[in-house]
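Undergrad: A single structure is presented below for examination.
The values are calculated or read from the model by the stated rules, or taken from the named source; none is laboratory data. Everything quoted here is computed from the prediction, not taken from an experiment. Virtual Cβ from ideal backbone geometry, glycine too; neighbours counted across all protein chains shown.
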Amino acid sequence: MVLTAPDPNKVGTIEDAIADLKAAFPNDVSDDKREGYGGVIVSADKLLEVASYIRDTLKFDYLSSATAVDYLGEGHHSNDHMEMVYHAYRTTGGSALVFKAQTDREKAELPSLVSVWRGADFQEREAWDLFGIRFKGHPNLKRILMWEGFYGHPMRKDWKEAFYESEHKPFDSRWPEGHVYRAEELNVFGSNVKYPSDIDLSRLTDKSESDLYTGFGLGVDMTHMTDENGIQTDELVVNMGPHHPSTHGVFRMVMRLDGETITHLEPVMGYLHRNHEKIGERNTYLHNIPFTDRLDYISSMGNNHGYVLAVEQLLAKGAKYTPPTYRTEVLRVLMVELSRIVNHLWAIGFWLNDLGAFFTPVLYFVQERERILDFFEAVAGSRMMCNYMRFGGVFADLPERIKSTMNLMNDRVRDFDTMQFLQEMINERIPRTIDELDEYLTNSDIVQSRSKGVGYLSAEDAINFSAAGPLLRGSGVAYDIRRADPYSIYPELDFDVAVQHEGDMYARYMVRLIEMRESVRILKQILPRLEYTKGESVTSSFAYSGKIPLGEAYGRVENGKGELGYYVVSAGDKKNTANPWRYHVRAPSFINLTPLGHMCRGTKVADVVAILGSIDIVLGETDR
Amino acid sequence: MNGIGFVKGMLVTLRHFVNTYVDDLRYGFRKYSPDVDNFETRQGTKAEGAFTVQYPEEKLAMPERFRFVPFLVVNDYDHPEAPGKDWCTSCGICAKVCPPQCIWIVRSNDPVTGRPVPEPEAFFIDIDICMNCGFCAEFCPFDAIKMDHDYELSSYDRTTNHVFDKQKLSKEFKYWKTIAPTRAVEEMQARGGWEHKDAQKAARRGGADAGKDAKREEVRARKAEAAAPTAAPAAEAVAEAPKPAAEVKAEPAAAPAAEGARPWEESHDQREARKQAALARKAARAAKKDG
């Protein structure tokens, strides 16, 4: 496939596309008329054809998010059903074409879209795992976050977690009769844990491991395996992780090797799974903000941003709320760009660790990160778990001074003027570090020989696999949400989309390097804006018990690791709700792993570690 | 591919290596002396070389907004009128806004009328669950709960030490002024004075205040009476010297006797019994209200 400009006759607004779609499938596509909803509903049996039409004819070639929603019992959605929600985009820019397919709750089955977008692979597995929707035609429909043998589908509305207390927070037991107890002391195996009635708990055996290895062709008849020289050979299955220093956390890869060459690789994840989304649905909208910090904990500011954007979209549907002021947006962009630099410094540093440059480069970059985190700490209160953004505002304006006071416990004191600190950082220190990084690594022979041509992902594959961020842009697709589907004040800021065409690890490194420079460019434009918006209010008017109007929203940002999206549904029997009905995180770290097996095929074992590092994942976000 | 890029890279490493020693030579032993004047430079934007802080010999003072496990603000212990009085009115907003739901509050009720008294009977924070988000401090309308700067909370036994009760959580208002001077002033301006909002309201009302104080005393006496059968000596102390200070000190003795010294150590049955008692009390109150 050659990337050409889309056919001008076919490209238009989303309305045109929907009209086109309805004309092509008059009986199977209808508008989603529920209050606060958008997009179209596609009948399940035609889903595959409609999806192909959307991709090939309407040119929505990028499937951003595919997720399920369980509509059970609430008055607003009278008949219970499961729903898959797809967000497709054009890589040339523009907003989403949202299409949905509904199915029965009890016998949930839908056609798989993996044949249209391979990026749907992990996302459909997740929907099967957590919601129990079977995807007909999926090549490898296994659980992905829970283990095989887990009983039930935890994101279903009628599933209750082990320490289940009540449907929604705040819990009644906390106030006014808040007699404390520790949840650990409750019996986990009480009425909340479900397992099949015929099972004997004392005789449980876990078959998931052997099942996994079976898929890798263990027990092949090795007498029939000879290489081109006629030498008898055998393929070897190697398990790497979850406790392996190079996997950036508890991530596991099972590989089949022919000598040192990888013939098949399958990522295994979920070791850090905590069902973030279920927690999110128990939480109120406000409660979720600090929880988003814990997703990609390297760039928590960006996580906050995506979530507040999604909820602000919902608020704009009719709640009483003041939209963010200009200064709020300026502060948000300041924070997000700083955390993008942090993220890329971290990513490049640890990628070098994976290449074998053990900890020397990464510590140089971490030193710069320290300064930025000091700034976050002084402004937001925490170095990594920033919890800075609010609906329609931010936690607080910049302090006058980055200042600490000596007290009995801690004696080493610092005191800087905030604006001066920022100016020195943005104009001198950060650019100097980036230049040094460039001098240090870009032309290094070792870096080049290890990374050039390794881990190749072509442009069309990158799009088809729903890759995002530096992985997508390193493959020559100039798709950056800040430009393609702009949010906040990015349209008025002057910056370029970093793009490299080689599609290998080196290209991804270069994308990160250029992107850091572009971030500095943005930050330099932010500084004067900070000066002249001084004094504007930045506080949120959202009350702690604030309600959100009915509807759905998909807020997405270009985070350091790629497209981070939040699909939030507010539904209930009343006009508005305090708790999200559905809270889904489109995690770039998770979906970017879809092409890992594809990229690693044919490379050497030693490169796998580096290829994984070049994707740049954080397990907090992958496993959620 | 001639090795020049690699050599250039090594020069960067060398530069970093040398810088570390330049820093050492520049400051010598003054680097770690108790009256550090170079710390700010070494940790600021002009820093070069090693940036490590020699923890625990050197401890970074936290910026004002730093947030760690919250504490409850009480009046200074040398406060002229109400030493050690809780600022918390047990309105429960912090417990509701807490994302991991780690705050537990028992609202105190007047034992005779059953009406809530604006003071918590018990207040617990499970610090193992607390995620240090700072929402409780942000949404507290009375500035009664604040995020602390003391981050050294590790202990040898998490099962007993990590549920902080009111006594352990309470810190003087003075302390808040030392760790966050700027914010304390900002909040004072918003409140209109250094005192608690309610105290100011009472002061503004002037004459009416005396009656309210008398009523408070009355409630206190009644509370002491209610606690008397189980904790007679402590309750007597409260009854005889109905000063707020005495009450704060006596409470750990009086309240736990009624509620169990360490509620998190109770057996399931005890907890159930207590829950039933609470429900019965609630039902009685409701009945009274209806009747």
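Undergrad: Collect the residues in segment A:538-559 that are within 14 Å of chain B (Cβ to nearest Cβ) and within 22 Å of A:Y490 (Cα to Cα), keeping them in residue-number order.
TA: Passing the criteria: A:V538, A:T539, A:S540.
Undergrad: Free of Cβ contacts under 8 Å to residues at least 12 places away in the same chain and on the phi < 0 side of the Ramachandran plot: does that describe A:E337?
TA: no
Undergrad: Quick test for you: out of A:E165, A:E148, pick the one residue that is within 28 Å of A:H287 (Cβ to Cβ) and either away from chain B (no Cβ under 11 Å) or part of a loop (DSSP other than H, G, I, E, B) (or both).
TA: Checking each option against the conditions leaves just A:E165.
Undergrad: Let me ask something additional. Report, by residue number, each residue of segment A:303-334 that is hydrophobic (A, V, I, L, M, F, W, C) and in contact (Cβ under 8 Å) with a residue 12 or more places away in the chain.
TA: A:V308, A:L309, A:A310, A:V311, A:L314, A:L315, A:A319, A:V330, A:L331, A:V333, A:L334
Undergrad: Only one residue in A:Q102, A:Q123 is within 30 Å of A:Y487 (Cβ to Cβ), among the polar types (S, T, N, Q), surrounded by fewer than 22 Cβ atoms within 10 Å (Cβ to Cβ) and not assigned by TED's automatic domain parsing to the domain that holds A:A587, so which one is that?
TA: A:Q102
Undergrad: Restricting attention to segment B:86-111, and to residues there that are at pLDDT below 85 and part of a loop (DSSP other than H, G, I, E, B), which single residue is nearest to the chain's Cα centre (by Cα)?
TA: The selected residue is B:D110.
Undergrad: Going by the structure shown, is A:R282 touching a Gly at 6+ places or on another chain (Cβ under 8 Å) and either farther than 14 Å from A:M389 by Cβ or among the aromatic types (F, W, Y) (or both)?
TA: Taking the combined requirement at face value, the residue does not satisfy it.
Undergrad: Can you find a residue in segment A:117-127 that is touching a strand residue (DSSP E or B) at 6+ places or on another chain (Cβ under 6 Å) and closer than 20 Å to A:N579 by Cα?
TA: No, segment A:117-127 contains no residue that is touching a strand residue (DSSP E or B) at 6+ places or on another chain (Cβ under 6 Å) and closer than 20 Å to A:N579 by Cα.
Undergrad: What's the number of the only condition in (1) surrounded by fewer than 16 Cβ atoms within 10 Å (Cβ to Cβ); (2) away from chain B (no Cβ under 14 Å); (3) within 20 Å of A:N303 (Cβ to Cβ) that A:L236 fails to meet?
TA: Here A:L236 meets the rest and fails (3).
Undergrad: Another question, then. Of all residues in segment A:490-520, how many are part of a helix (DSSP H, G or I) and within 22 Å of A:L471 (Cα to Cα)? Full working, then the answer.
TA: So the first thing to find is which residues in segment A:490-520 are part of a helix (DSSP H, G or I), and the list is A:490-492, A:505-520.
If we keep only those that are within 22 Å of A:L471 (Cα to Cα) as well, we get A:490, A:505-520.
The qualifying residues number 17.
Undergrad: Scanning for something free of Cβ contacts under 8 Å to residues at least 60 places away in the same chain, more than 27 Å from A:L398 (Cα to Cα), of a type in the set (V, I, T) and buried (at least 17 other Cβ atoms within 10 Å of the Cβ), does segment A:256-267 turn up at least one residue? Walk me through how you get there before you give the answer.
TA: Of all residues in segment A:256-267, those free of Cβ contacts under 8 Å to residues at least 60 places away in the same chain come to A:256, A:258-259.
When the remaining residues are screened for being more than 27 Å from A:L398 (Cα to Cα), the result is A:256, A:258-259.
Okay, now just the ones that are also of a type in the set (V, I, T), so none.
No, the conditions are met nowhere in segment A:256-267.
Undergrad: On the basis of being on the phi > 0 side of the Ramachandran plot, touching a residue at least 40 places away in the same chain (Cβ under 8 Å), more than 9 Å from every other protein chain (Cβ to nearest Cβ) and assigned to a loop (DSSP other than H, G, I, E, B), does B:G49 make the cut?
TA: Working: on the phi > 0 side of the Ramachandran plot: yes; touching a residue at least 40 places away in the same chain (Cβ under 8 Å): no; more than 9 Å from every other protein chain (Cβ to nearest Cβ): yes; assigned to a loop (DSSP other than H, G, I, E, B): yes.
No: the conditions fail for B:G49.
Undergrad: In addition: Within segment A:331-377, can you find the residues that are surrounded by 24 or more Cβ atoms within 10 Å (Cβ to Cβ), over 21 Å from A:V511 (Cα atoms) and among the aliphatic types (A, V, I, L, M)?
TA: A:L331, the sole residue that qualifies.
Undergrad: Moving on to the next point. Counting only residues that are aliphatic (A, V, I, L, M) and under 21 Å from B:I127 (Cβ atoms), which one in segment B:61-84 is nearest to the other protein chains (Cβ to nearest Cβ)?
TA: The qualifying residue nearest to the other protein chains (Cβ to nearest Cβ) is B:M62.
Undergrad: Go over the candidates A:Y86, A:Y53 one by one and state the one that is assigned to a helix (DSSP H, G or I) and closer than 21 Å to A:D16 by Cα.
TA: Only one candidate passes the filter, namely A:Y53.
Undergrad: Answer yes or no: is there a residue in segment A:561-574 that is within 14 Å of chain B (Cβ to nearest Cβ) and touching a residue at least 24 places away in the same chain (Cβ under 8 Å).
TA: No, the conditions are met nowhere in segment A:561-574.
Undergrad: Condition check: more than 20 Å from B:S90 (Cβ to Cβ), of a type in the set (D, E) and in the same structural domain as B:W87 (by TED's automatic domain parsing). Does B:D165 satisfy that?
TA: no
Undergrad: Of the residues B:F124, B:F135, only one is under 20 Å from B:A190 (Cβ atoms), assigned by TED's automatic domain parsing to the domain that holds B:Y77 and crowded, with 17+ Cβ neighbours inside 10 Å; which?
TA: Unique residue meeting the criteria: B:F135.
Undergrad: When residues of segment A:77-96 are filtered for being closer than 18 Å to A:Q313 by Cα and surrounded by fewer than 20 Cβ atoms within 10 Å (Cβ to Cβ), how many remain?
TA: So the answer is 2.
Undergrad: If a residue counts only when it is modelled with pLDDT of 80 or more and either more than 14 Å from every other protein chain (Cβ to nearest Cβ) or surrounded by fewer than 14 Cβ atoms within 10 Å (Cβ to Cβ) (or both), which helices (runs of 4 or more DSSP H) contained entirely in segment B:181-291 have at least 1 such residues?
TA: So the answer is B:181-191, B:197-205, B:268-290.
Undergrad: Something else about it: When residues of segment A:348-397 are filtered for being in a loop (DSSP other than H, G, I, E, B), facing chain B (nearest Cβ under 10 Å) and within 19 Å of A:I434 (Cα to Cα), how many remain?
TA: Qualifying residue count, segment A:348-397: 1.
Undergrad: Cβ-Cβ below 6 Å, separation at least six or inter-chain, first residue in segment B:89-104 and more than 7 Å from chain A (Cβ to nearest Cβ) and hydrophobic (A, V, I, L, M, F, W, C), second surrounded by fewer than 23 Cβ atoms within 10 Å (Cβ to Cβ) and assigned to a strand (DSSP E or B): which pairs?
TA: B:C102/B:D126
Undergrad: Continuing with the same structure: Which of the numbered conditions does B:L25 fail, given that it passes all the others? Conditions: (1) out of contact with any Cys (no Cβ under 9 Å at 6 or more places or on another chain); (2) more than 9 Å from every other protein chain (Cβ to nearest Cβ); (3) hydrophobic (A, V, I, L, M, F, W, C); (4) assigned to a strand (DSSP E or B).
TA: (4)
Undergrad: Restricting attention to segment A:298-327, which residues are in a loop (DSSP other than H, G, I, E, B) and within 12 Å of the chain's Cα centre (by Cα)?
TA: Once the filter is applied, which keeps residues that are in a loop (DSSP other than H, G, I, E, B) and within 12 Å of the chain's Cα centre (by Cα), segment A:298-327 yields only A:S299.
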